[in-house]
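Engineer: Quick one: the structure is below, and I'll ask about it shortly.
Here, each number is a calculation from the coordinates, and none is a lab measurement. Computed from a predicted structure; not experimentally measured. As a convention, Cβ positions derive from the backbone with ideal geometry for all residues, glycine included, and neighbour counts pool all protein chains shown.
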Amino acid sequence: MRILDFLAPENVVAPLAATDKEGILRELCATLTRNGALENPDMALEAVMTRERLGSTGIGEQVAIPHAKTRGASRLAGAFGLTSDEVDYDAVDDQPVRLVFLLVAGEDATSAHLKALARISRMLKNRSFRDRAREATSAEQLFALVRAEDEALG
């Protein structure tokens, strides 16, 4: 599975308008809704927030990968955002976040959900990619970086 299988260019946001954790998650859910990937953004947001209460998806190195399975998702879909400024996200390394990759899937999509999370994690573990992504000045530039990294991962 490749990232471009579940991340469309119109679901990349740079910069995000929101300046706090819940606002970012709400903004990314709204993006997926506008582009047809979510049928019920409130249900999806609640699923993501419930997952966050189990433990922060802020994995460190200024990265968060919020995710959830929900009836509100019509298919496996991702939204990727870059914040303008550092955002407190309760990350495991106690550092603020700048890169947020939201992944939502239908309740019965366990295998695809896990494969997608693994692929996203692999991409975001690459320091060079993270550095270039934080320097992106537009959604188009950020998507181009994702596309190139996705291809490099094979």
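Engineer: Of the beta bridges DSSP finds with both residues in the chain, what % are antiparallel, to the nearest 5?
Structural biologist: So the antiparallel bridges in the chain amount to around 55 percent.
Engineer: Apply the a/c threshold of 1.5 to the C-alpha gyration tensor of the stretch 108-154 and tell me whether it is rounded, prolate or oblate.
Structural biologist: Prolate, since a/c reaches 1.5 and a/b exceeds b/c.
Engineer: Related question: Just want to confirm a number: the relative contact order over the stretch 39-119, from Cα pairs under 8 angstrom separated by 6+ residues, in percent.
Structural biologist: With pairs under 8 Å counted, the relative contact order is 33 percent.
Engineer: Expected output is a single nm value to one decimal: the length gained when fully extending between E22 and S121, i.e. 0.36 nm times separation in residues minus the C-alpha distance. What is it?
Structural biologist: 33.5 nm
Engineer: If you don't mind, there's one more thing I want to ask. Taking the dipole about the Cα centre of the chain, with the C-beta of Lys and Arg at +1 and of Asp and Glu at -1, give me whichever of G36, G154, Q62 is farthest to the positive side.
Structural biologist: Result: G154.
Engineer: Got a sec? How would M123, M43, M1 order by Cβ neighbour count within 10 Å, fewest to most?
Structural biologist: Details: M123 21, M43 17, M1 13.
Ordered by Cβ neighbours within 10 Å, fewest first: M1, M43, M123.
Engineer: Which of R34, R98 comes first, and how do the rest follow, when ranked by fewest Cβ neighbours within 10 Å?
Structural biologist: Fewest to most other Cβ atoms nearby, the residues stand as R34, R98.
Engineer: Run lengths n ≥ 4 of DSSP H only: what is the helix-derived mean residue ellipticity at 222 nm for the chain, with -39500 (n - 2.57) per run over all residues, to the nearest 500?
Structural biologist: -13500 deg cm²/dmol
Engineer: Kindly identify the stretch 86-131 as rounded, prolate or oblate by the Cα gyration tensor criterion: order the square roots of the eigenvalues as a ≥ b ≥ c, call it rounded if a/c is under 1.5, otherwise compare a/b with b/c, prolate if a/b is larger, else oblate.
Structural biologist: oblate
Engineer: Going by how many other Cβ atoms sit within 10 Å of their own, how do S74, S111 line up, fewest first?
Structural biologist: The order, fewest Cβ neighbours first, is S111, S74.
Engineer: Where the centroid of each part is defined by its Cα atoms, how far is the stretch 41-85 from the stretch 99-116 in Å?
Structural biologist: 9 Å
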